[in-house]
Amino acid sequence: MSTVREQTDDGAMLHPEQRAEGDPDAIIRDGRRLDHAEGTSKPLRAHPEPQPRGAKVHGNRPVDQQEAAARFIAAPEHEKMHDERLWDLRQKRDREMHGIPEWEELRSLASAIKEHTLTHLDEYLDQFEANASANGIHVHWARDAAEHNQIVHAILRDNGVKSLIKSKSMLTEECGFRHYMASVGIEVIETDLGERIQQLDNEDPSHVVVPAVHKLRTDVAAVFSRTIGTDPNNSDVHYLAEAQREATRPLILNADAGMTGGNFMVAETGTFVVCTNEGNADLSANVPKLHIASIGIEKIIPRLEHLAVFVRLLSRSALGSPITQYTSHFRGPRAGGEMHVVLVDNGRSERLGLAEFWTSLKCIRCGACMNTCPVYRRSGGLSYGATYSGPIGLIIDPTFNARKYSNLPYASSLNGSCSNVCPVKINIHEQIYAWRRVLVEQHEVPLAKRAAMKAAGVLLSRPAAYRAAIAAADTALAHLPRFVIYNGLNAWGKHREVPHPPKETFHSWDHANRGAKR
Amino acid sequence: MRIGLFIPCYIDAFFPEVGIATLELLERLGHEVVYPRDQTCCGQPMANSGFNADAAGTEALFVRNFSGFDYVVAPSGSCVHHVRDNLDAIEQTDQVKEVRSRTYELVEFLHDIEKVDAFPWAKFPHRVGLHNSCGTLRRLKHALPSELNEPFFSKPIDLLSKVEGIEFVKPARPDECCGFGGTFSVFEEVVSTKMGYDKVSDHAQAGAEYIVSADSSCLMHQQGCAERIGVPMKFIHIAQILNGASA
Ligand code: SF4
């Protein structure tokens, strides 16, 4: 979503900055609106709809996803934009899929490679460490988030680093890395446009691939005017992107160290691969002399040839584009430079031991499950109050904190679309279902739900009592099965009509019309 | 064949006409249809919410009621999905396994077992939008979901195409969940109803007069949503059309 490129008559791509002075299509940075379709469009309205904020998180208390989702839905411009933008990605993904006849085979292959690797994880990680070290990379092991942050901090301290540029990484979000760095006085500059927007707005990313997808351009204009001094009334996307580019370039050039994540590590070569669209990871990795990559241990694949399978699937699933703009292979430090890889566990080996949930580690963080999820699209990623949102979040967040994320597996209609789009064939919806059982067994589900389900179970296993309950009812509401009105609030009827009760039940019709035979 | 008819609680209480259509249709096809009178539910509401142990009594009752039939048929995809794929709160005796494997959803039964090739009594000169519930689409595999790159098929369309006069419309997001989702409809009611509004609006925009489905639970939810936001839409179960309902 970053660079501005336009097609010239001869078909060459010319960056607007390269245009002649006086060219009306050239980028103008004085805050005036640009003379092209997006730039000349009218502002949405005088007072743009305020951005709904995410879930209210109170320590360990269960996150109320539904409360935050309701506020998102109550902001119709945001909800509609979000739903349509992500559905568009899903449709583009479908188009790409139809261009690959062997798509389903590729998914099976990707899944098999991941399952094989995960069941031989120790071997491949050792192999990676040996080969990466031979390439001149310093390899570190971090048991958890705290250890990760300390390791990186120590490297930065040893090198006298004051400012760090970094590309987007869900793992560093998981580790609370930016907060930690703030506490030790090292400046972190996110270089991915979406992630930078989120950093400047002091908000978590809402999506693993498009971190600011929940924001309207007017929201971004508000953030930028507050933080980098753009015109608050100019929400032209090119103007905003260009302003950010201008503001961030000097920071990139002056940074002491660079940090990236890693999409894949290849055991046989000791190399790692970063897939991005903005080129910012390459700047982060290559401009400063010191490059640190934080990578989750599940990101390993055995051989370079396996990478081809994942590269074909990743961007097609994520954004519906054939490949990311940049697929950068890192093999070792450049002359006079230093390269570190921090291999992070942070709960992964424990997850690997969970019989029903270990395959969630196959995830390549493409976000396809989020784009297709009808609940996610209407709730916004921040409603989950967790690092990982959407379907993949529902099944891995509880491994971090079962109490805090105990509501999340209920934020699903179990429709199963997520499992069908997942490029590594994780049975996401079955794991959501399995999590509900586990959470009930661990007593992490609220008492009201528990009481209602127990009552329903008792009533529905006793035909006479059940019939009496149905027959005694004389209003539509009382007819409703008990689990529907479990909390006395009648959640059914708040936003939709209750069904119209018929003259008689099927049971009594059958008695009257076929009774003689029974 | 001797068929046990399973009429889930919603249909019993709110849509008796769907139960009647299913019963009559199976009788028309020459079967002996028995409605065990002690039936209540299959256990899905409890199990779907994670309270599997609380589903045990209901599941045991289901197995007691439906043992000994050639087939058990229900006009409800989500209930059949539960019986076939998730009914495991009770010990898996031979009797339990037998009942689980003989339980069929009506469309599957007509299409795969009975292989019906004509419904000469049926005529439905209307524009319909087909709603495949997620249970029928992605679990029971009534049709190819749009996420997969495999050859297209659709059992409900195969059957409905044999009905005189019927015309299909195609909504923009044919496979999107309508938001019912069992207890999801009350636990997450705001998102659930928003999904419902979007679903019925999509069908209305495509020009549907009726939304037809093999799941009354989805239809009950969609109808409630349509009435709330004032979308003039009619709802009908596939059993009613196949049994010759005129409107
Ligand atoms: S679970 Fe599957 S679809 Fe979702 S982000 Fe991970 S790889 Fe992508």
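The values are calculated or read from the model by the stated rules, or taken from the named source; none is laboratory data. Please read all numbers here as calculations on a predicted model, not as lab measurements. Because the Cβ atoms are built from the backbone with ideal geometry, glycine has one as well, and the counts that use them run over all protein chains shown. Areas reflect the complete protein model, heavy atoms only, side chains present, ligands, DNA and RNA absent. Shrake-Rupley method; radii C 1.70, N 1.55, O 1.52, S 1.80 Å.
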### Query
Of the trypsin sites (Lys or Arg not before Pro) in region B:30-117, which ones lie in a loop per DSSP and count no more than 13 other C-beta atoms within 10 Å?
B:R37, B:K115
### Task
Can you tell me the FRET efficiency between A:V458 and A:N159 if r is taken as the Cβ-Cβ distance and R0 is 60 Å, rounded to the nearest 0.05?
0.35
### Task
For B:Y71, tell me the accessible area in Å² from a 1.4 Å probe, rounded to the nearest 10.
50 Å²
#### Entry: Accessible area of B:M1 in the full protein assembly, 1.4 Å probe (Å², nearest 10)
90 Å²
### Task
Could you sort A:196-209, A:115-128, B:206-219 so that the peptide with the highest average Cβ count within 10 Å comes first and the rest follow in order?
B:206-219, A:196-209, A:115-128
### Summary
Over all viewing directions the Cα convex hull of the protein assembly as shown casts an average projected area in nm² of 34.8 nm²
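Hey, any idea what the orientation-averaged projected area of the convex hull of region A:46-161's Cα atoms comes to, in nm²?
Over every viewing direction, the Cα hull of region A:46-161 projects on average to 14.6 nm².
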### Message
Cut-off under 12 Å on the C-alpha distance; same-chain residues fewer than 8 positions from B:K123 excluded. Which aspartates and glutamates are left, in chain and number order?
### Response
B:E164, B:E167
### Task
Note down the nm distance, to one decimal, between modelled labels 7 Å out along Cα→Cβ at B:K141 and at B:A206.
2.3 nm
## Note on the structure
With the 8 Å Cα cutoff and a minimum separation of six or more residues, chain A has a relative contact order in percent of 19 percent
### Task
Rounded to whole Å and sorted largest first, list the principal axis extents of the Cα atoms in chain B.
49, 43, 38
### Task
Can you give me the three principal axis dimensions of region A:113-162 from its C-alpha atoms, in Å, biggest first?
41, 26, 13
## Note on the structure
Taking placed amide H atoms and a strict 5 Å upper bound, the residues 5 or more places from A:S235 or on another chain that come that close are none
### Task
Please express the shape of region A:227-298 as an equivalent ellipsoid: the semi-axes are the square roots of 5 times the eigenvalues of the C-alpha gyration tensor, given largest first in whole angstrom.
31, 15, 9
### Query
Sorted by average packing, counted as other Cβ atoms within 10 angstrom per residue and highest first, what order do B:157-164, A:413-420, A:286-293, B:136-143 take?
A:413-420, B:136-143, A:286-293, B:157-164
### Query
Hey, which of these cross-link pairs are over 30 Å Cα-Cα: B:K141/B:K170; A:K80/A:K168; A:K114/A:K449; A:K92/A:K494; A:K92/A:K299?
A:K114/A:K449; A:K92/A:K494
### Query
Roughly what would the spin-label model give for B:R127 and A:S133, points 7 Å off Cα along C-beta, in nm?
7.1 nm
### Using a Förster distance of 41 Å, the FRET efficiency for A:V57-B:S161 (Cβ separation, nearest 0.05)
0.20
## Note on the structure
Rounded to the angstrom and largest first, Cα extents along the principal axes for region A:280-395 equal 49, 34, 31
### Task
Find how much the distance from A:E350 to A:D64 grows on full extension, using 0.36 nm per residue of separation minus their present alpha carbon separation; answer in nm with one decimal.
100.3 nm
### Query
Assigning unit charges at the beta carbon (Lys, Arg +1; Asp, Glu -1) and nothing else, what dipole magnitude in debye, to the nearest 20, does chain B show about its Cα centre?
320 debye
### Rel. contact order, % - alpha carbon contacts under 8 angstrom, at least six apart, region B:2-113
30 percent
### Query
Mean shadow of region A:385-433, computed from the convex hull of its alpha carbons, in nm²?
3.2 nm²
### Query
How crowded by other chains is B:5-12, given as the mean number of beta carbons from other chains within 10 Å of each beta carbon?
5
### Task
Determine, for each peptide in A:184-192, A:331-339, the mean count of other beta carbons within 10 angstrom over its residues, then list the peptides with the highest first.
A:184-192, A:331-339
### Summary
Heavy-atom accessible surface buried between B and A, both sides counted, 1.4 angstrom probe, nearest 100 Å², is 7000 Å²
### Query
Does a label point 7 Å from the Cα of A:D144, set along Cα-to-beta-carbon, have any residues of region A:349-388 with amide nitrogen under 14 Å, and which are they?
A:349-351
### Student exercise, region A:97-148 dipole from Lys, Arg, Asp, Glu Cβ charges, in Debye to nearest 20
140 debye
### Query
Can you work out D for region A:314-380 in µm² s⁻¹ from Stokes-Einstein, where Rh is the Kirkwood radius over C-alpha pairs, the temperature is 20 °C and the viscosity is 1.002 mPa s?
137 µm²/s
#### Entry: Under Karplus coefficients 6.51, -1.76 and 1.60, residue-wise ³J(HN,Hα) of region B:83-94 in Hz, glycine/proline x
4, 6, 9, 10, 6, 9, 6, 10, 4, 8, 6, 4
### Query
What translational diffusion coefficient, in µm²/s and rounded to a whole number, does the Stokes-Einstein relation yield for region B:127-242 at 10 °C and a viscosity of 1.306 mPa s, taking the hydrodynamic radius as the Kirkwood radius over Cα pairs?
111 µm²/s
### Task
With no solvent and one equal point scatterer placed on each C-alpha of region B:2-113, evaluate the Debye formula and give log10 I(q)/I(0) for q = 0.11, 0.17, 0.18, 0.22 Å⁻¹, two decimals.
-0.31, -0.75, -0.84, -1.25
### Dipole in debye (nearest 20) - region B:2-113, about Cα centre, beta carbon charges: Lys, Arg +1; Asp, Glu -1
80 debye
#### Entry: Test item: A:65-71 mean partner chain Cβ contacts at 10 Å
3
## Note on the structure
Each label sits 7 Å from Cα toward the beta-carbon; between B:D85 and A:E77 the label points are separated, in nm, by 4.1 nm
### Query
In deg cm²/dmol and to the nearest 500, what is the mean residue ellipticity at 222 nm of chain A if only DSSP H runs of at least 4 residues count, each as -39500 (n - 2.57), divided by the residue total?
-13500 deg cm²/dmol
